[in-house]
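Please read the structure below before turning to the comments.
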Amino acid sequence: MSYIKTFHRSFILGSLILCFFSINSCYKKKDTIAVVKVLKSVSNDPLVNSSVRLFYVDASGSSKFDITKNTLSNGSASFDFSDSFNEGQSGFIVLDIEIDNVFMGVINIQELTTTEKIIYVL
């Protein structure tokens with residue numbers, strides 16, 4: 001009879017451990033972040049307090065995204081798009097980049113990751 005009690009206790013303990021690990025392994029949504037780093041092309045020094053604008057204007061002239069931030073002491077500006085991304089969406093968005101009101105290219109933001117783009121200016 002004691003073997004049966006030991007088996008039941010082991011079964012219950014094993015079940016609790018299995019439940020604990022299965023709860024912790026649930027899908028956790030990661031952030032969708034874009035980082036634009038602005039450097040001087042000659043010296044590779046960071047450009048501090050530069051205006052970085054990420055935007056998208058469609059054919060009708062309306063824009064869903066138009067965000068402007070200033071660079072920090074390391075020359076980077078970080079943009080969080082986690083709230084704009086929908087699960088199950090394939091790809092996210094390509095945005096235009098302006099540095100101090102000058103078009104400098106595009107950034108292809110990947111979902112659930114941190115996308116970095118380095119821009120060199122004169």
| query | So, in nm, how far is label ASP80 from label ASN49 when the simple model puts each one 7 Å beyond its Cα toward the Cβ? | reply | 2.6 nm
| remark: Looks like region 33-121, by Cα gyration tensor root eigenvalues a ≥ b ≥ c and the a/c under 1.5 rounded cutoff (else prolate when a/b is bigger than b/c, oblate otherwise), is prolate
| note | Residues whose modelled amide H sits under 5 Å from the amide H of SER76, counting only those 5 or more places away in sequence or on another chain, are VAL38
| Using the 10 angstrom Cβ neighbour count as an exposure proxy, how do LEU54, LEU16, LEU72 rank, fewest first? | LEU16, LEU72, LEU54
| Rounded if a/c under 1.5, otherwise prolate or oblate - region 27-73, Cα gyration tensor axes | oblate
| remark: One finds, for SER10 and THR114 with R0 = 41 angstrom and r their Cβ-Cβ distance, a FRET efficiency to the nearest 0.05 of 0.40
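Here, each number is a calculation from the coordinates, and none is a lab measurement. Computed from a predicted model, the values in this text were never measured in an experiment. Reconstructed Cβ throughout: ideal geometry from the backbone, glycine too, with neighbour counts over all protein chains shown.
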